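Colleague: Sharing a structure with you now.
The values are calculated or read from the model by the stated rules, or taken from the named source; none is laboratory data. Owing to the predicted nature of the structure, the values given are computational and were not obtained by experimental measurement. All Cβ positions, even for glycine, are placed from backbone atoms using ideal geometry, and neighbour counts span all protein chains on display.
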Amino acid sequence: MSLRTLYENLSSEEALRRGWEYSLYASSSLVRPAPVYDPIFTPIFTAVFGTAGITIGAQTITFASIASALATTALAIGIQALLAPKPPDPEDGRVPKTQSTPSRVWAVGRNRLAGAYMLWEASGNYLYAVQALVAHRVKSINRYWLHDDEVFIDANGVTTNDDDGRYGDNVRLLTRLGLSTETAYAPIADPLSASGIWTYNHRGDGQASVAMIATSAPAKNQNKRFPYGAPQVSVEVDGAFCWDFRISADPGNPAAWVWTRNSALVLCWHECFNEFGNRRDYRKAILPVLDMWIEEANICDEDVPRASGGTEKRYETNGWDTTDNGPKVGTQAILASCDGWTIERGDGALLLTVGKFRESRVETLTDADIIGHQIQYDVLFEDECNRLVPRFTYPDTGYSTCDTDYFEDNTAQMEAGRVLAKTGDYRYCQQWRQARRLGKRDWLRERQKVRGSIDSRLSGFNAVYCRWVRLLTPVRLPKCNGKVFENRRPTVAITRGGFSMDLIQHPDNIDDWNPVVDEGMQPPVPNTLGTDKIPPGVINTVQAKANGGSVYLRVLLLDPESTSWTPVIFYRVSGSNSAWIEQQFPTWGASGGYVELNTGPVPVDVDLDVQAGYIGSDGSYGPRSPTETVHTTADPTPAGPVINPSVSPGTGNATINWTAPNSGNYAAARIYWNTTNNFATATAVSPPTSGAPNAFSSATITLTAGVKYAWIVSLNRSGVAGTPVATGAFTVS
């Protein structure tokens, strides 16, 4: 049969399909009509061509020189992660550096740091030392170690623990938080200023620091007081304050800067406001896509249930780095803590997607968009992985690197004949459950065999900016048709017709999490020498339990496997330097590997710092656990919604009016506003407006001109929010 006869016998639809297919595979240029692009993405061409300095005729254009990777992903495992530079190991923070010009340090969340010596001077019976910790303002300094022994200080900074004669009251510790204008260490400046070694001009403006004054003991007691020689100080630091764009859209408002471990807020700070970060302009990087960043921050703050009860936040970040590394190293570590993915648009906007699958973040590529592909449906033996070991920073072991229970495939190990293990590096993660969740996500990805790369025409432009891509490719890639792939590395590739994307098939069950099955066991904490053989307290869970207007703490500890010690719980208001309040539990028992302790009433409606430890039979205290923070909500029941909302718009402002509900626990209301009718991305107005049940209330807020929307949210005395009530649209002149 001739080719002509064959096509004459085909239906017109089939002939058109075959002709289109032949043209698609044979052509090296676009043969279909130019697609219509979403205008929000077009500025990339200005960025690529406008700033590249390309001229026609005056110089030769090398398109390869402007091809660049657009996205940054969380490289937790695999060859790329092994080759990528990393922040310092958490153990590196325990010992102070001795360098003529040490690198500066930045820190987010909660970390153990020793910094670098600025002063080390002996005079008479005294040793004076000052260590630079973090090169910016920090929230607080919570705990202290001399070598690996945790010590406790009184109001004057003098150590109070006397463990077999160790340290006693021979050491005094003082700290500074890195204010823009700091205060000199008078106890050091007084004896040393005459010599000019350390004067009152040595303030350390903008530099968080710790100072030590160690007093020599009599010769016969010197080895008992200082068994490891001159003491080396390290501290637990609550790091940088960050802009919370969910509270205020203006980072110039100091009230919007909070100490946080939220991965999205920390990343925003690092990208835009960290002196040692990427220094992006937040007006270009964040504000054009503020709704996206708010969504991601809220996902990071979602409560994830624990097997032992209570919840914890989905994604938290705690880490530090030095100026020895470029900003991208910190970006990668932060993204690894939240399974994050970022990409920079041509107009400078930074798009973020954390690890939670959403259909709204999926774009489609069709046969017409793809001009080339390289897909493999299996992996080479040397790239196989049948065991994944999540690794994180464990505060309970003195902020050291620790492994969690691993994920493995026994059948695959039998087929391979050996264990082929990879490590998930989550060093900015300090929650073992979070490390397990991150590890499971990477494990499920690693088990996907379908991966490769795709070359896309410019018609696939929007897919470049989405983390997930659905392939509708019945002709070119029928095995992948309808499947969702993760966009791991999009690259501008003009010589290939547009863009190139590295893809890996997306596991359908990547968000599945059953804490009872998936959580695993909490990593053990070995005892350390020099603590009178009393083990440290290891907290599994802390919960604030409301009880008739009061609150008590439910604390779950790992079983110390001995009944000769007395558990003790310490707590104080978070962020204060007040003395710790302690409660002992002389009568206790273990069950299922845990010790459950319920305290008496504690302060309500505040954040409490909580620690745990044990007391020996001789009354000596063992090391405490790392600090856990919990909010003590006395009234978990929200008040009813407000009624009769109205708005009186003005020039540059609007007055919001409402009547409080007839709820006995109503205490105040908070106003939210937005430029679109979307409460989820609305900006909160602080402080809330106090009021009484059934009473009329109003508040005037400053707004720019234009159409606005507002909501009024009732609050009870514990700050628990009720149902938002919309005012509807109004126009500010």
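Colleague: For region 209-320, please list each of the strands (runs of 3 or more DSSP E) lying entirely inside it that holds at least 3 residues being out of contact with any helix residue (DSSP H, G or I) (no Cβ under 6 Å at 6 or more places or on another chain) and closer than 30 Å to ARG436 by Cβ.
Modeller: Answer list for region 209-320: 233-238, 311-313.
Colleague: Can you tell me how many residues within region 618-674 are outside any loop (DSSP other than H, G, I, E, B) and farther than 22 Å from TRP711 by Cβ? Step through it out loud before you land on a result.
Modeller: Let us first name the residues in region 618-674 that are outside any loop (DSSP other than H, G, I, E, B), namely 621, 628-631, 643-649, 653-659, 666-674.
Add one more test, that the residue is farther than 22 Å from TRP711 by Cβ, and what stays is 621, 628-631.
Total satisfying the criteria: 5.
Colleague: Looking at region 452-464, which of its residues are in contact with a strand residue (DSSP E or B) (Cβ under 6 Å, 6 or more places away or on another chain) and either hydroxyl-bearing (Ser, Thr, Tyr) or surrounded by 18 or more Cβ atoms within 10 Å (Cβ to Cβ) (or both)?
Modeller: SER453, ILE454, ASP455, SER456, ARG457, GLY460, ALA463, VAL464
Residue by residue, here is whether (1) in contact with a Leu (Cβ under 7 Å, 6 or more places away or on another chain); (2) modelled with pLDDT under 95; (3) part of a loop (DSSP other than H, G, I, E, B) holds:
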position: ALA64; (1), (2), (3): no, yes, no
position: LEU82; (1), (2), (3): no, yes, no
position: PRO87; (1), (2), (3): no, yes, yes
position: PRO102; (1), (2), (3): no, yes, yes
position: ALA107; (1), (2), (3): yes, no, no
position: VAL130; (1), (2), (3): yes, no, no
position: TYR144; (1), (2), (3): yes, yes, no
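Here is a yes/no grid of residues against (1) in contact with a Gly (Cβ under 7 Å, 6 or more places away or on another chain); (2) outside the structural domain of GLY575 (by TED's automatic domain parsing); (3) at pLDDT 95 or above:
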{"site": "LEU265", "(1), (2), (3)": "no, yes, yes"}
{"site": "HIS270", "(1), (2), (3)": "yes, yes, yes"}
{"site": "ARG283", "(1), (2), (3)": "no, yes, no"}
{"site": "PRO288", "(1), (2), (3)": "no, yes, no"}
{"site": "ILE294", "(1), (2), (3)": "no, yes, no"}
{"site": "GLY310", "(1), (2), (3)": "no, yes, no"}
{"site": "TRP320", "(1), (2), (3)": "yes, yes, yes"}
{"site": "ASP324", "(1), (2), (3)": "no, yes, no"}
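Colleague: Right, something else. Just to be sure, is THR323 more than 23 Å from TRP443 (Cβ to Cβ), of a type in the set (Ser, Thr, Tyr) and touching a Phe, Trp or Tyr at 6+ places or on another chain (Cβ under 9 Å)?
Modeller: yes
Colleague: Only one residue in ASN577, ASN657, ASN653 is of a type in the set (S, T, N, Q), more than 25 Å from VAL525 (Cβ to Cβ), outside the structural domain of VAL151 (by TED's automatic domain parsing) and in contact with a Pro (Cβ under 8 Å, 6 or more places away or on another chain). Which one?
Modeller: After ruling out the rest, the residue left standing is ASN657.
Colleague: Right, another one. Restricting attention to region 679-714, report how many residues are touching a residue at least 40 places away in the same chain (Cβ under 8 Å) and hydrophobic (A, V, I, L, M, F, W, C).
Modeller: Residues meeting the conditions: 11.
Colleague: From LYS449, LYS483, grab the single residue that is touching a strand residue (DSSP E or B) at 6+ places or on another chain (Cβ under 8 Å) and in contact (Cβ under 8 Å) with a residue 40 or more places away in the chain.
Modeller: LYS449
Colleague: Here is a list of conditions, (1) under 23 Å from ASP250 (Cβ atoms); (2) surrounded by fewer than 18 Cβ atoms within 10 Å (Cβ to Cβ), and PRO688 meets all of them except one; can you say which number that is?
Modeller: (2)
Colleague: With the condition being among the charged types (D, E, K, R), I'd like the strands (runs of 3 or more DSSP E) fully within region 689-733 carrying at least 1 qualifying residues.
Modeller: On the way: elements: 696-702, 706-716, 725-732.
Once the strands (runs of 3 or more DSSP E) in region 689-733 are filtered for at least 1 residues that are among the charged types (D, E, K, R), what remains is 706-716.
Colleague: Continuing with the same structure: Name the residue, out of SER617, SER574, SER578, that is surrounded by fewer than 15 Cβ atoms within 10 Å (Cβ to Cβ) and touching a residue at least 40 places away in the same chain (Cβ under 8 Å).
Modeller: SER617
Colleague: Whether any residue in region 198-213 is within 24 Å of ASP607 (Cα to Cα), without any contact (Cβ under 8 Å) to a residue 40 or more places away in the chain and among the basic types (Lys, Arg) is what I want to check.
Modeller: No, region 198-213 contains no residue that is within 24 Å of ASP607 (Cα to Cα), without any contact (Cβ under 8 Å) to a residue 40 or more places away in the chain and among the basic types (Lys, Arg).
Colleague: Tally up the residues in region 502-536 that are modelled with pLDDT under 90 and of a type in the set (A, V, I, L, M, F, W, C), please.
Modeller: 3
Colleague: Here is a further query. Within region 701-728, which residues are at negative phi and exposed (fewer than 13 other Cβ atoms within 10 Å of the Cβ)? Even if it seems obvious, please write down each step before you answer.
Modeller: Taking region 701-728 first, the residues at negative phi are 701-705, 707-718, 720-727.
Within region 701-728, THR702, THR704, ALA705, VAL707 qualify.
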